[in-house]
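The values are calculated or read from the model by the stated rules, or taken from the named source; none is laboratory data. From a predicted model like this one, the values you see are computed outputs, not experimental measurements. All Cβ positions, glycine included, derive from the backbone under ideal geometry; neighbour counts span all protein chains shown.
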């Protein structure tokens, strides 16, 4: 289950094509399918313009996520993992900390985690270090580029997040390589693993298959 960053808007057309298919997780969806995973793309809800501000940490958002997780579990009969990129990492943590039972994810993957508070939309989004990650009881995979210079996900803050995660069921993988072009938080930057998508998909898939 893939949660985009930014506004969370994908623009999924009835035929399954995307208006915004340059998001990192949208780009790697085919790579994950090729590795044997069923993929669910989650767009912004129809009753909201976007997933800005602190909405991703709300009970309302958790309820929406739980409905998708439950449907995916019924449809595929497999464990359901929530993968979030950038601001989508808030969605993944919200699902894991707010939901229980069949609506709760079996694990989460945090890609380019939000590690600094920042204004987004009409409110302030907290860093993940303040979002209850210390209470997580599901496996957690953290994927981060060593050269990520996006102002909300500086790699220098990664040890703060790692220190809060349960060591027995979590893993942190950092990367170098790839190519960064344009704005530091953009789809072609290190923040979005430009040029090393295959490696990212390999590591994500391996962790999910192991279930740890």
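Mind checking whether some residue in the stretch 162-178 is farther than 17 Å from residue 93 by Cβ, touching a residue at least 12 places away in the same chain (Cβ under 8 Å) and under 16 Å from the mean Cα position of the chain (by Cα)? Break it down stepwise before answering.
Keep residues of the stretch 162-178 that are farther than 17 Å from residue 93 by Cβ, which gives 167-168, 173-178.
So of that shortlist, the ones also touching a residue at least 12 places away in the same chain (Cβ under 8 Å) come out as 173-178.
Subset that is under 16 Å from the mean Cα position of the chain (by Cα): 173-174.
Checked against the condition, which is being farther than 17 Å from residue 93 by Cβ, touching a residue at least 12 places away in the same chain (Cβ under 8 Å) and under 16 Å from the mean Cα position of the chain (by Cα), the stretch 162-178 yields at least one hit.
Results for (1) in contact with a strand residue (DSSP E or B) (Cβ under 7 Å, 6 or more places away or on another chain); (2) surrounded by 15 or more Cβ atoms within 10 Å (Cβ to Cβ); (3) at pLDDT below 95, shown as yes or no for each residue.
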site	(1), (2), (3)
48	no, yes, yes
54	yes, yes, yes
57	no, yes, yes
63	no, no, no
73	no, yes, no
88	yes, yes, yes
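Confirm whether residue 109 is modelled with pLDDT of 95 or more, in a strand (DSSP E or B) and closer than 22 Å to residue 9 by Cα.
Working: modelled with pLDDT of 95 or more: yes; in a strand (DSSP E or B): yes; closer than 22 Å to residue 9 by Cα: yes.
Spelling it out, residue 109 is indeed modelled with pLDDT of 95 or more, in a strand (DSSP E or B) and closer than 22 Å to residue 9 by Cα.
Output the number of residues of the stretch 132-157 satisfying the condition of being under 22 Å from residue 205 (Cβ atoms) and touching a strand residue (DSSP E or B) at 6+ places or on another chain (Cβ under 7 Å).
Residues that pass the stated criteria total 9.
Give me the helices (runs of 4 or more DSSP H) completely within the stretch 1-97, filtered to those with at least 3 residues that are more than 19 Å from residue 198 (Cα to Cα), ordered by residue number.
Details: elements: 24-27, 29-34, 59-76.
Qualifying helices (runs of 4 or more DSSP H): 59-76.
Looking at this structure, is residue 36 out of contact with any helix residue (DSSP H, G or I) (no Cβ under 6 Å at 6 or more places or on another chain), modelled with pLDDT under 95 and closer than 21 Å to residue 17 by Cα?
Criteria not met by residue 36.
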